[in-house]
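Novice: One structure follows; several queries about it will come next.
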C-alpha cells in the first residue's frame, strides 16, 4: 500500500521500552495513517560519548525512511515531510536520551 504524504502521519519510535506516541504530519487526522519503526540502541554503551551520536544517526535514518526520504536535488521538501521528520526525530531523540541517561 502506498501512502500519500498529504494524508499520512508517521512515528519513529525508539525501541526503548517506552510507549510510542503518534507524530502527526497531517492536519486531517481522520485520514491519517500512523506508522512506527523501531530503532534499537541496546548495543550502545551509555558511558561512551559516541553512543548518543550513534543513536541520533539511527533515529535520523529511520525518520527519513519512514517519512519518505526526499532526495530530489533543487526541489524543496514538502511541508508534511518536514513536519513528519522533525517530529519523529525530536520524539525519538528524547526517548533515546532518557534511556541512555537511565543506564
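Please treat every number below as a calculation from the coordinates, not as lab data. Remember, predicted model here, so these are calculated numbers, not experimental data. All Cβ positions, even for glycine, are placed from backbone atoms using ideal geometry, and neighbour counts span all protein chains on display.
Novice: What list of whole percents do you get for P(r) of the stretch 48-103, with Cα-Cα distances grouped in 5 Å bins up to the one holding the largest distance?
Specialist: 4, 20, 25, 20, 14, 9, 6, 2, 0
Novice: Give me 89, 65 ranked fewest to most by other Cβ atoms within 10 Å of their Cβ, as a rough exposure proxy.
Specialist: Arranged by neighbour count, lowest to highest, 89, 65 become 65, 89.
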